[in-house]
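Reviewing the structure listed below.
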Amino acid sequence: MTLGCFSVSLAVADLAKSRAFYELLGFEAMHGDAEHGFLIMQNGTTKIGLFQGMFEGNILTFNPGWDDEGQPVEIFEDVRALQARLQENGVEMARAADADSDGPDYIQVTDPDGNLIMFDQHVPRP
C-alpha cells in the first residue's frame, strides 16, 4: 500500500514566527497560503505543515494521490477504499469520508497511543 506524500502537521500559535524558525533550519515554503493560516514547508524530502488555528494538536499526515513533491500520481489507494479496509479490520474513524463521493476528501484515525493520523486526498478518486 502506498500512502502518498508524508508530512507532520504542526498546530502553531504564530505562523510567521514558526515559518521564520523552520526557515533557519533550511525549510522553504512549497505549498499553502499564509493569509489562510497554513504553509507546507520542505527541506530535501522532509515536509512539515504549519497550521495556525486549524486544529488543536499535531497530526501525522499522508496525502494519497500525491508523490513526495506534491504532484499527482496515476495509481493510488483512494481514501474511501482505505477507509473501508480499515473499518473492516475494526479501526474506528475519527473522521470518515463520504463513501459515495469521488472528489477530494479525507479520513482521520487515532493510533493506539492517541496520535491522530490524517489521510488527506487532494485529487479525485482514480
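The values are calculated or read from the model by the stated rules, or taken from the named source; none is laboratory data. Since this is a predicted model, take the numbers as computed values, not measurements. Cβ sites come from the backbone with ideal geometry, for glycine too, and all protein chains shown count toward neighbours. SASA here: full protein model, heavy atoms, side chains in, ligands and nucleic acids out. Shrake-Rupley method; radii C 1.70, N 1.55, O 1.52, S 1.80 Å.
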Across (1) assigned to a loop (DSSP other than H, G, I, E, B); (2) modelled with pLDDT of 95 or more; (3) in contact with a Phe, Trp or Tyr (Cβ under 9 Å, 6 or more places away or on another chain); (4) open to solvent by 40 Å² or more (accessible area, probe 1.4 Å), Leu60 clears everything bar (1)
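Quickly run through segment 45-56 and pick out the residues that are open to solvent by 50 Å² or more (accessible area, probe 1.4 Å) and out of contact with any Gly (no Cβ under 8 Å at 6 or more places or on another chain).
So the first thing to find is which residues in segment 45-56 are open to solvent by 50 Å² or more (accessible area, probe 1.4 Å), and the list is 45-46, 52-56.
Matches in segment 45-56: Thr45, Thr46, Phe55, Glu56.
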When segment 105-126 is checked residue by residue, the ones that are closer than 18 Å to Ser7 by Cβ, open to solvent by less than 80 Å² (accessible area, probe 1.4 Å) and part of a loop (DSSP other than H, G, I, E, B) are Asp111, Asn115, Val123
Let me spell it out: the conditions are (1) modelled with pLDDT under 95; (2) open to solvent by less than 60 Å² (accessible area, probe 1.4 Å), and Asp68 meets all of them except one. Which number is the exception? (2)
Among what's in segment 1-42 and is modelled with pLDDT of 95 or more and assigned to a loop (DSSP other than H, G, I, E, B), pick the residue that is surrounded by the most Cβ atoms within 10 Å (Cβ to Cβ). Phe27
